[in-house]
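Please read the structure below before turning to the comments.
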Amino acid sequence: MHIRLAVILLLAGAAHAAAAEDESPRAVGLAAGLGFAFPDRQYGQDGRGTGAYAEAEYIFRLAHWFTPRLYGGVLLAPPESNCGAGVVPCDVSARILFAGGKLRLMAPIPYVGPFIELGFGASAGRISTRNGQRVDVTGKGLMYHVPVALGLALGGRHQFEVALQYLFHPEQQQVCGAAALGVTLDL
């Protein structure tokens, strides 16, 4: 029974991929959502920042399931005071512009394509991860990050998406990101 279901899904995916051949080789992706900044949890830190996130992507469609992307955006996440009782200073925040390149791998399933993205980029602005005496790291200027995203591309041509976007900043001991909604527009 499971083999039949797998064969049906693969055939439906192949049919959908064949129908996607008329897609433009280039597209623009726009996404926005709730932005956040939180400390790298391996150090057991508390605190967070919450705000807004927006991103634009230039998409190269080499195949429907594999798309290199250039991206740029903004994240504004001011600090919230929740590092714990008596913890001073408490500042986990990010005010950054970011840009870079990433690759998306997507399962070729009709109407709901789960995907993962991975890449490398740079952030410009200010990131602060300060939590009492445990951590005091502030980055200003140009910093590198590693973008990772998990999501679902929805619709007949996978033109809508729901995703968790992450920007890992290892030197600042912080993860920035968003719960975002997006749309892809053919060029």
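The values are calculated or read from the model by the stated rules, or taken from the named source; none is laboratory data. Just so it is clear, the structure is predicted and the values come from calculations on it, not from any experiment. Cβ: placed from backbone, ideal geometry, glycine included. Neighbour counts: every protein chain shown. Ligands, DNA and RNA are stripped out before the accessible areas are found, and what is left, the full protein with its side chains, is counted by its heavy atoms. Shrake-Rupley method; radii C 1.70, N 1.55, O 1.52, S 1.80 Å.
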Review point. What nm distance separates the two modelled labels at E171 and L118, each placed 7 Å from Cα along Cα→Cβ?
Key: 2.3 nm
Practice item. Find how much the distance from L62 to T50 grows on full extension, using 0.36 nm per residue of separation minus their present alpha carbon separation; answer in nm with one decimal. Key: 0.8 nm
Review point. Taking 0.36 nm per intervening residue step and subtracting the Cα-Cα distance, what contour gain separates A107 from D186 on full extension?
Key: 26.4 nm
Practice item. Take L142, L154, L167, L34 and sort them by solvent-accessible surface of the protein heavy atoms, 1.4 Å probe, largest at the top. Key: L142, L34, L154, L167
Practice item. For V28, tell me the accessible area in Å² from a 1.4 Å probe, rounded to the nearest 10. Key: 40 Å²
Check your understanding: Using modelled backbone amide H atoms (1.01 Å from N, in-plane), which distant-in-sequence or interchain residues come within less than 5 Å of D40's amide H?
Key -> Q174, V175
Revision key, fill the gap. Length gained if R126 through S24 is fully extended, taking 0.36 nm per residue and subtracting the Cα-Cα distance, is 33.0 nm
Check your understanding: To the nearest 10 square angstrom, how much accessible area does K140 have with a 1.4 angstrom probe?
Key -> 150 Å²
